[in-house]
Amino acid sequence: MKKKIAIIITIILMASGLLTAYFFTKYNKTSNLNDVYFTVADDSAIDEIAMQLEKKSVIKSSGYFIYYSKIRGVKNSIKRGNYILKPKMKFKDLLAKLQSEKNDFYIITVPEGYTLYQIASKLEKSNLIKKSNLISVKLGDIDAKSLIPQRNGILYDFEGYLFPDTYYIPTGASEKDIVKLMFDKFKTTFSEKYFSRTKELGLNVNEVITIASLIEKEAENYQERSRISGVIYNRLKKGMLLQIDASVIYANTRGEKNLDKVYYNTLKINSKYNTYLYKGLPPGPIASPGEASIKAALYPADNDYLYYVASNNGHIFSLWGSYKECKEIYQIKLGDD
């Protein structure tokens, strides 16, 4: 009888061992097929992290991961940080990473209307790159010449083409890597439909993005974007000076800061970006426009307006035909010398 009991116990132990081995083989690796960017906002308990990992399909069973973690003595030592989780990671390596407190990436949000200088400054403040190095990246450095035409008189090659969005930037990424990441987002956003519409308008991509950047910097709200676009197209068709303050500010500051007021002396700067002196569009964008402004540039409102001036609630649009007639309105925007 004792012998039979011993045999049964042996069988149970063997079965248990085989079952344990099966689970360790099947569940002891992450199940994601691609890199997963995973953020732990604060030091957290293992069960909370396990649920998040399961939701992101990094692991198949949160319960098993909790069990495995406890076996290895991990309870509440998951540290805050941004982690890149590779496919098929062993759980021991996954736990080691989540306890390391080493950021694998940084989360950077580029607002709509930021200039290249502002983007570079934000990245430098996050200790990711040197501002001067990012500003000096050229089109040929990341093979962007096929999309952006050759332009004369621009200040920076990638002004307007680093798309405003939230980015996960890997630690150690170079200036070229970051420019490529943001430029690739621009290429994805500027769809074939947008290319077709650009050709319909008889424009190139640079001209559309330049108009979009003017709209982005001028518009006070979403609703008036297409109307401002209509004004720009109307003035271009008539061969009028655009007289857009945002372009003059860019000419004076090179995109490094904003100006609260545009003074008469500000309007005298000899720059192709000064649309009070030079007809037509500036040589390139003056900031990074969002998709709403790009759409407005591609689909301007059908109106006859030639002027708009700032008011308390956006802009007032007008048909008035000369600066002299609009002097009283323009004094709302222009300061005294």
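Observations on the structure shown:
- Close Cβ contacts (under 8 Å, 6 or more residues apart or on different chains) running from residues in the stretch 253-273 that are of a type in the set (Asp, Glu) to residues that are surrounded by 15 or more Cβ atoms within 10 Å (Cβ to Cβ) and not in a helix (DSSP H, G or I) comprise Glu256/Thr115.
- Whether a residue is surrounded by 19 or more Cβ atoms within 10 Å (Cβ to Cβ) and more than 19 Å from the chain's Cα centre (by Cα) was assessed, and Leu128 does not pass this test.
- Pairs are defined by a Cβ separation below 9 Å, a sequence spacing of at least 6 or placement on different chains, a first member in the stretch 108-128 that is under 22 Å from Ile249 (Cβ atoms), and a second member that is part of a strand (DSSP E or B); the pairs so defined are Val110/Thr166; Val110/Tyr167; Ile119/Ile108; Lys122/Ile108; Lys122/Thr109.
- Filtering the stretch 28-66 to residues that are without any contact (Cβ under 8 Å) to a residue 60 or more places away in the chain, among the hydroxyl-bearing types (Ser, Thr, Tyr) and in contact with a helix residue (DSSP H, G or I) (Cβ under 9 Å, 6 or more places away or on another chain) leaves Ser44, Ser61, Ser62, Tyr64.
- Exclusive hit being in a helix (DSSP H, G or I), aliphatic (A, V, I, L, M) and surrounded by fewer than 23 Cβ atoms within 10 Å (Cβ to Cβ), set Leu214, Leu241, Leu236: Leu236
- Single unsatisfied condition, Glu216 versus (1) touching a Phe, Trp or Tyr at 6+ places or on another chain (Cβ under 7 Å); (2) assigned by TED's automatic domain parsing to the domain that holds Tyr305: (1)
- Counting only helices (runs of 4 or more DSSP H) that sit completely within the stretch 52-151, those holding 2 or more residues that are among the small types (Gly, Ala, Ser), over 30 Å from Pro285 (Cβ atoms) and not assigned by TED's automatic domain parsing to the domain that holds Asp177 correspond to 62-71.
- Evaluated against (1) under 30 Å from Phe38 (Cβ atoms); (2) assigned to a loop (DSSP other than H, G, I, E, B); (3) out of contact with any Gly (no Cβ under 6 Å at 6 or more places or on another chain), Lys185 falls short on exactly one condition, (2).
- Residue satisfying all of: in the stretch 155-186; β-branched (Val, Ile, Thr) and modelled with pLDDT of 95 or more; farthest from Asn252 (Cα to Cα) among these: Ile169
Rundown of residues vs (1) more than 15 Å from the chain's Cα centre (by Cα); (2) closer than 28 Å to Ala246 by Cβ, yes/no style:
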{"residue": "Lys79", "(1), (2)": "yes, no"}
{"residue": "Lys97", "(1), (2)": "yes, no"}
{"residue": "Asn103", "(1), (2)": "yes, no"}
{"residue": "Thr115", "(1), (2)": "no, yes"}
{"residue": "Ile142", "(1), (2)": "yes, yes"}
{"residue": "Leu162", "(1), (2)": "no, yes"}
{"residue": "Ala173", "(1), (2)": "yes, no"}
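The values are calculated or read from the model by the stated rules, or taken from the named source; none is laboratory data. The shown structure was predicted, so the numbers you read here are calculated from the model rather than taken from an experiment. Note that each Cβ is placed from the backbone with ideal geometry, even for glycine, and that neighbours are counted across all protein chains shown.
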